[in-house]
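See structure below.
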Amino acid sequence: MLENLMIVALIVIVFWLIILGIFLVISRRQPGVRSEMEALDEQLAKSERGAAKK
């Protein structure tokens, strides 16, 4: 019984460590993605302005 409880506890701990790792990876990438999105928005606005002038 105690062995099963230890296995379940280990699985839960590993699960939470994986979740934490995914969260940290995503949170570190977010500023880069945000700046890329802003650059794409600027390019799109420029191309729309250029298309409207023609």
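The values are calculated or read from the model by the stated rules, or taken from the named source; none is laboratory data. In this text the structure is predicted, and so the values were computed from the model without any measurement. These accessible areas exclude ligands, DNA and RNA; they are computed on the full protein's heavy atoms, side chains included. Shrake-Rupley method; radii C 1.70, N 1.55, O 1.52, S 1.80 Å.
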### Query
In whole Å, how far is the Cα centre of the range 30-53 from that of the range 7-29?
35 Å
### Task
With everything on Cα atoms, drop me the angle between helix 2-53 and the longest principal axis of the chain, reported from 0 to 90° to the nearest 10.
0 degrees
### Task
Roll a 1.4 Å probe over the protein chains and send me the accessible area per residue for the chain in Å².
101 Å²
### Query
Using a 1.4 Å probe on the protein chains only, how many percent of the accessible area of the chain belongs to carbon and sulfur?
70 percent
### Query
Just one of [x] 2.31; [y] 2.35; [z] 1.16 is Cα Rg over 2.2 N^0.38 Å as worked out from the coordinates here. Which one is it?
[x]
